[in-house]
Amino acid sequence: MKMPNGHEIIQMFERFSPKSYAMDGDKVGLQIGRLNKPCGRVMIALDVLESVVDEAIEENIDLIIAHHPMIYRPLGSIQTEQTAGRVIEKLIKHDIAVYAAHTNLDVARGGVNDLLASALGLIDTEILVPTVTEELRKLAVFVPIDHAEAVRAALGEAGAGFIGKYSECSFSQAGTGRFQPEEGADPFIGHSGQLQAVQEEKIETIYPAQLEKKVLGAMFKAHPYEEVAYDIYSLENKGESLGLGRIGLLPEEMTLEQFAEQAKKSLESGGVRVVGDMTRIVRKVAVLGGDGNKYWQTALRKGADVYVTGDFYYHTAHDADAEGLAVVDPGHNVEKVMKKGVAAILHEQASKQKWDVAFVASAVETDPFQFL
C-alpha cells in the first residue's frame, strides 16, 4: 500500500469539499506547515486549540484538517510566550500541517449540515440557503467497442453521469474511428505507417466541473489507447444547487419540548436554549451549523416550525418568537459531528485508493461552555 503525501490527501478532500464552495472572504486552505511530505496519520478536528495540538503530537499526526480556521485574522506577531504563538511553535516543531475547511465544509454534500440533519433524523431534506450552483461540463470520448463498458463504468465511479436523482447517465453512438500511428508511436491497435479503421463507440456524459481532474484521470486509466480522443464542452445547463443549512421533516410530529430533548441527545449537547411554546407541535425543521442568526427569516419563509442553530442572539430570539418560529440553540460546538463524519468519508475514499493512511477523529472536548 502507498502512503500518500499531504497534497494527495488534500486533493482527495477538496473533491468532496472544494474551496470554491466557501463564502467570500472565508479563510480556508493550508494555514500552517507543508504538504509535500508523507502523511500516514491525519486528524479531523473542530478547533485547533493547544489541547488538540498536544493530542496530535501524542498521536503522531502529520496533518490536521480542521473546520474552524486556526488563523482567521492577520497575525501582527508570533510571540511564543503567548498561547497563540506557543501553539504555532509546537505545530512547526513537530512538523504538523494545519488545513482549514470552514464554510466549504458547511456547504458540501455530506458535510456539516448534512451530518447535523442526519443526526436530527430529518427526511426529505433540501438546501436552506442556496449559495453555489455547480458548473456542468460534457465529456465525449471515443473508445473501441470492446472497452466501452469499462470506460463507462470508470467514469460513473469517478462521479460523472449524475442528473438529479439519476446516476450512471450516458449516451453512446457507434461509428468508425480512423488514425495512422506515426513513427515512435506505441499503438494499442494497428501498426506505424498504416491507416487504421476501428469500430468505436462515442460515449457522452456530464460531470460537475470540480470533478474534472478525477473524471479525466479515471478515463485515461480505463482507456486502452496511447492517445485518447475526447472533447469537453461547457454547458448552459444548471447543475445542482448547494448551500448553507438544511430543511426537512421529522418522521413524526412531536412537541417542541420533545424535539428539544431529542436534539440535545442526538447532537450530544450539554444543554439547549429553546425559544417558543414548549407544547406546540413541530415537524418541519431547519438546521444550520454554527452561527445562524442571519438566516432565521429564511427558515420562517420556507415553512419551518423550528430552527436549530447556535449562538442565537437575545433580540433576534424575540423577533423569531414574535413571528411564530421556534428556535432550539444547542450551541456552536455541535458542529463537532464533522469529526467522525469527515474521518469516515476520507477513510472510505483512501481505502479505494489503497492508501496506507489513518484518519483520526480528535477526542478532545473543545466546547468552552459548561452547563450546570
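The values are calculated or read from the model by the stated rules, or taken from the named source; none is laboratory data. Not measured: the values here are computed from a predicted model. Don't worry about glycine lacking a Cβ; one is built from the backbone with ideal geometry, like all the others, and counts go over all protein chains shown. Note: accessible area is taken over every heavy atom of the protein model, side chains too, but ligands, DNA and RNA are not part of it. Shrake-Rupley method; radii C 1.70, N 1.55, O 1.52, S 1.80 Å.
Measuring nothing but how far apart in sequence close Cα pairs (under 8 Å, 6+ apart) lie, relative to its length, the stretch 258-346 scores a relative contact order of 35 percent. If a spin label sat at a point 7 angstrom from the Cα of Leu249 along the line to its beta carbon, the backbone N atoms of the stretch 304-348 nearer than 17 Å would be those of 304-306. In plain terms, the chain from His147 to Lys354 could stretch by 72.1 nm, reckoned as 0.36 nm per residue minus the Cα-Cα distance.
Charge tally around Gln79: other residues with Cβ under 15 Å, Lys/Arg +1 each, Asp/Glu -1 each, net -1. Modelled spin labels at Arg283 and Glu261, positioned 7 Å past Cα toward Cβ, are 2.1 nm from each other.
Where does the charge balance sit around Ala101 when Lys and Arg score +1, Asp and Glu -1, over other residues with C-beta under 10 Å from its C-beta? Local net charge: -2. Against the chain, whose longest principal axis comes from its Cα atoms, helix 6-16 is set at around 80 degrees. Placing Arg280, Arg178 in order of accessible area, with the largest value first and a 1.4 Å probe, yields Arg178, Arg280.
Computed per residue of the chain from DSSP H runs no shorter than four, each worth -39500 (n - 2.57), the mean residue ellipticity at 222 nm is -8500 deg cm²/dmol.
Our estimate of slack between Tyr166 and Ala229, defined as 0.36 nm per intervening residue step minus the Cα-Cα distance, is 20.0 nm. Report for the chain the percent antiparallel among DSSP-assigned beta bridges with both residues inside it, nearest 5. Close to 70 percent.
For the stretch 196-264, which whole-number percentage of the solvent-accessible area (1.4 Å probe, protein heavy atoms only) is attributable to carbon and sulfur atoms? Carbon and sulfur: 46 percent of the exposed surface of the stretch 196-264. Just want the answer: with Cβ charges of +1 for Lys and Arg and -1 for Asp and Glu, which residue in Ala218, Gln180, Gly164 is farthest toward the dipole's positive end in the stretch 151-249? Comparing the listed Cα positions along the dipole, Gly164 ranks first. A full extension of the chain between Glu268 and Glu58 corresponds to an added length of 73.0 nm, given 0.36 nm per residue minus the alpha carbon distance. Placing +1 on the Cβ of every Lys and Arg and -1 on the Cβ of every Asp and Glu, with no other charges, gives the stretch 10-62 a dipole of roughly 420 debye about its Cα centre. The modelled label-to-label distance for the pair Ala197/Ser241, using points 7 Å beyond Cα in the direction of Cβ, is 5.2 nm.
Sequence-distant contacts, meaning Cα pairs under 8 Å at least 6 residues apart, place the relative contact order of the chain at 21 percent.
The figure for Arg86 is an accessible area of roughly 80 square angstrom, using a 1.4 Å probe on the protein chains alone. Summing Cβ point charges (Lys, Arg +1; Asp, Glu -1) relative to the Cα centre of the chain gives a dipole of roughly 80 debye. Of the options (1) 20.5, 64; (2) 24.7, 84; (3) 31.0, 121, only one is Rg and Dmax of the Cα atoms in Å as computed from these coordinates, and that is (2). Can you give the charge dipole size of the stretch 149-304 about its Cα centre, rounded to the nearest 20 debye, using +1 on the beta carbon of Lys and Arg and -1 on the beta carbon of Asp and Glu? Computed about the Cα centre, the dipole is about 1220 debye.
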